[in-house]
1. Working only within segment 145-164, note down all residues that are touching a residue at least 60 places away in the same chain (Cβ under 8 Å) and under 23 Å from residue 214 (Cα atoms).
2. Given the conditions (1) touching a residue at least 24 places away in the same chain (Cβ under 8 Å); (2) more than 30 Å from the chain's Cα centre (by Cα), which single one is not true for residue 103?
3. I need the full set of residues from segment 352-378 which are crowded, with 18+ Cβ neighbours inside 10 Å and touching a residue at least 60 places away in the same chain (Cβ under 8 Å), in order please.
4. Please work out if residue 20 is in the same structural domain as residue 107 (by TED's automatic domain parsing), at pLDDT 95 or above and within 22 Å of the chain's Cα centre (by Cα).
5. Suppose we filter 123, 137, 178 for residues that are outside the structural domain of residue 224 (by TED's automatic domain parsing), surrounded by fewer than 20 Cβ atoms within 10 Å (Cβ to Cβ) and either touching a residue at least 40 places away in the same chain (Cβ under 8 Å) or over 20 Å from residue 227 (Cβ atoms) (or both); which single one remains?
6. Anything in segment 263-281 that is part of a loop (DSSP other than H, G, I, E, B) and either without any contact (Cβ under 8 Å) to a residue 40 or more places away in the chain or touching a strand residue (DSSP E or B) at 6+ places or on another chain (Cβ under 7 Å) (or both)? List them, or say none.
7. Could you tell me which of the residues 205, 132, 152, 200 is in a loop (DSSP other than H, G, I, E, B) and either within 21 Å of residue 255 (Cα to Cα) or under 19 Å from the mean Cα position of the chain (by Cα) (or both)?
């Protein structure tokens with residue numbers, strides 16, 4: 001293998017692998033990236049056996065002197081390329097001793113390689129895969145609206161991922177950690193799919209969220225029995241130069257979580273009779289002040305609803321200190337006191353976009369339905385605290 005590549009393009013390719021590859025791994029080759037040099041193309045692959053990212057770009061004529069495949073230690077390679085001058089030209093070639101030589105300006109660096117044939121792959125698309133066509137921006141919006149409610153650690157491993165549900169010409173994402181639930185949906189073109197559920201693990205979700213852009217470009221989500229894959233194009237212009245945009249073709253492949261996701265429809269309340277409308281930013285600002293004095297472990301706030309008035313009170317039973325805020329609301333029902341984890345409320349408030357937040361309640365111990373008035377594309381459920 002022997003090629004010449006501009007540092008900005010090489011760094012962009014390598015940076016796509018940064019979150020997938022661990023610096024030290026029990027399987028040494030998983031700490032490496034796979035470099036595949038083709039005539040006028042370069043392909044970089046990183047994987048942890050759960051998520052795989054492939055980044056491919058076109059090279060100018062003459063850049064590739066000799067095609068080949070090698071693997072290199074990812075973190076060292078990324079750090080070296082980052083340290084080079086911004087517009088450096090990098091020359092790479094390997095030798096018979098299993099070393100890769102990197103030359104850039106006055107720098108002369110040797111890196112150990114591992115056999116490319118030993119590098120694992122999550123697999124190619126199979127014949128009977130199922131495909132969903134959706135815009136890149138729509139998919140990003142679904143993930144942005146629901147990712148926060150995934151469990152971080154839970155013995156119920158299926159709660160640490162995001163449910164992708166397909167049916168009725170809709171693509172739906174659902175997450176829950178047992179204390180709150182988030183659901184969002186959008187229209188999608190389904191290729192021969194009636195109903196399908198797939199649970200994407202947390203790392204795959206976060207990488208997909210990072211790669212997606214809020215653009216109205218078509219995108220195809222491919223679902224296998226145990227894999228989900230997405231292909232997209234990343235185009236970045238360097239504002240410091242007059243160089244044309246670097247076009248990088250990306251593919252993300254992630255294993256799916258085996259297991260059955262809870263029946264989220266049973267959790268979403270439908271019998272609430274008490275409807276409260278609150279200015280979102282007013283509530284958010286009031287919560288920010290009140291929670292300063294709330295108990296750090298409980299993270300609770302007491303919401304006392306009465307006609308047209310909401311009192312927000314910090315919950316800190318171990319100290320005499322307290323904070324109370326009173327804000328105006330649109331509510332005509334009977335008085336009701338409910339306690340909530342303020343972090344859960346704030347996470348929801350941060351995802352809403354409109355000026356008004358709507359709460360639908362039934363009693364102090366029942367889950368609260370949170371949404372924006374006349375918006376049905378996304379809804380949230382939060383359980384009250386029992387003190």
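The values are calculated or read from the model by the stated rules, or taken from the named source; none is laboratory data. Note that the coordinates shown come from a computational prediction; the quantities given were computed from them, not determined experimentally. Reconstructed Cβ throughout: ideal geometry from the backbone, glycine too, with neighbour counts over all protein chains shown.
1. Of everything in segment 145-164, those that are touching a residue at least 60 places away in the same chain (Cβ under 8 Å) and under 23 Å from residue 214 (Cα atoms) turn out to be 145, 146, 147, 148, 149, 161, 163, 164.
2. Evaluating residue 103 over (1) touching a residue at least 24 places away in the same chain (Cβ under 8 Å); (2) more than 30 Å from the chain's Cα centre (by Cα) leaves (1) as the failure.
3. Matches in segment 352-378: 352, 357, 358, 359, 360, 361, 367, 368, 369, 378.
4. Details: in the same structural domain as residue 107 (by TED's automatic domain parsing): yes; at pLDDT 95 or above: no; within 22 Å of the chain's Cα centre (by Cα): yes.
Considered against the rule, which asks whether it is in the same structural domain as residue 107 (by TED's automatic domain parsing), at pLDDT 95 or above and within 22 Å of the chain's Cα centre (by Cα), residue 20 comes out as no.
5. Numbers: 137 fails: outside the structural domain of residue 224 (by TED's automatic domain parsing); 178 fails: outside the structural domain of residue 224 (by TED's automatic domain parsing).
Answer to the check: 123.
6. If the condition is that a residue be part of a loop (DSSP other than H, G, I, E, B) and either without any contact (Cβ under 8 Å) to a residue 40 or more places away in the chain or touching a strand residue (DSSP E or B) at 6+ places or on another chain (Cβ under 7 Å) (or both), then 263, 267, 268, 269, 270, 272 are the ones that fit.
7. Numbers: 205 fails: in a loop (DSSP other than H, G, I, E, B); 132 fails: in a loop (DSSP other than H, G, I, E, B); 200 fails: in a loop (DSSP other than H, G, I, E, B).
Just one listed residue meets the conditions, 152.
Conditions tested, residue by residue: (1) over 27 Å from residue 178 (Cα atoms); (2) assigned by TED's automatic domain parsing to the domain that holds residue 179; (3) modelled with pLDDT of 95 or more; (4) crowded, with 17+ Cβ neighbours inside 10 Å.
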{"site": "272", "(1), (2), (3), (4)": "no, no, no, no"}
{"site": "276", "(1), (2), (3), (4)": "no, no, yes, yes"}
{"site": "280", "(1), (2), (3), (4)": "no, no, yes, yes"}
{"site": "292", "(1), (2), (3), (4)": "no, no, no, no"}
{"site": "313", "(1), (2), (3), (4)": "no, no, no, yes"}
{"site": "326", "(1), (2), (3), (4)": "yes, no, yes, no"}
{"site": "350", "(1), (2), (3), (4)": "no, no, yes, no"}
